[in-house]
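Engineer: First the structure, then my questions, so here it is.
Every number here is computed from the coordinates shown, using simple stated rules; none is lab data. Given the structure is predicted, the values throughout are model-derived calculations rather than measurements. Here Cβ is always computed from backbone atoms with ideal geometry, including for glycine, and neighbour counts include all displayed protein chains.
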Amino acid sequence: MRFPNATVAPFLNNVEVNITDNCNLNCKACNHFSPFVKGRLKNSAERFEKDLTKLLSVYKINKLVLLGGEPLLEPELLKQFVEISRKFRDRYEMLIIITNGLLIPSLKDGFLQFLKENQVHVSVTLYPPTLALKQEIEDVLRKHGIWYFISRPVHEFMKRSEEHTSE
């Protein structure tokens with residue numbers, strides 16, 4: 001779709017793409033339904049590239065956000081998504097990963113260097129399980145020179161019930 005008489009590409013503020021539906025938490029308030037996902041469900045790099053190519057042929061984007069579930073559960077797939085995204089660097093302003101941060105202290109130096117080199121911003125949602133690791137998460141990100149944001153603590157955190165009603 002093209003916009004007639006437009007001299008500037010239409011602009012989208014935020015585009016969010018799920019890397020995986022799986023998560024290492026079980027939050028009651030999950031708006032991605034991750035606690036209900038059974039098995040390993042993840043997106044495909046080929047599909048992402050096709051969709052992003054089509055989207056960016058029409059729009060410019062402010063924030064391209066990669067999330068889940070928990071995107072750091074799939075570091076190799078996340079790396080592929082970042083590499084694909086970088087092909088279109090002139091069509092968006094910022095590449096962001098949203099994570100609960102629990103896996104950041106265990107990430108390999110090579111992966112963290114990759115994030116830095118590709119100017120990936122890391123946004124950590126500070127859930128109660130993450131709060132205990134906050135300083136360690138910050139130390140790792142700072143050590144590797146990665147731009148990051150850590151949210152205010154989420155004080156109300158409840159595990160989702162595993163009981164389901166059947167219909």
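Engineer: Looking at the P(r) of the range 37-162, how many percent of alpha-carbon pairs lie beyond 17 Å?
Structural biologist: The proportion of pairs with Cα distances above 17 Å equals 60 percent.
Engineer: Going through the cross-link list 108/134; 42/116; 38/60; 87/143, which pairs have a Cα-Cα distance over 29 Å in this structure?
Structural biologist: Over 29 Å apart, Cα to Cα: 38/60.
Engineer: What value does the range 90-162 have for Rg/Rh, both radii from Cα atoms and Rh as Kirkwood defines it?
Structural biologist: A ratio of 1.02.
Engineer: Excluding residue 125 itself, what net charge comes from residues whose Cβ is under 11 Å from its Cβ, given Lys and Arg +1 and Asp and Glu -1?
Structural biologist: With Lys, Arg at +1 and Asp, Glu at -1, the neighbours total 0.
Engineer: In the calculated pair distance distribution of the range 39-90, what percentage of Cα-Cα distances lie above 15 Å?
Structural biologist: In whole percent, the long-distance tail amounts to 47.
Engineer: Give me the net charge for the shell around residue 77: Cβ to Cβ below 13 angstrom, other residues only, Lys and Arg +1, Asp and Glu -1.
Structural biologist: Local net charge: -3.
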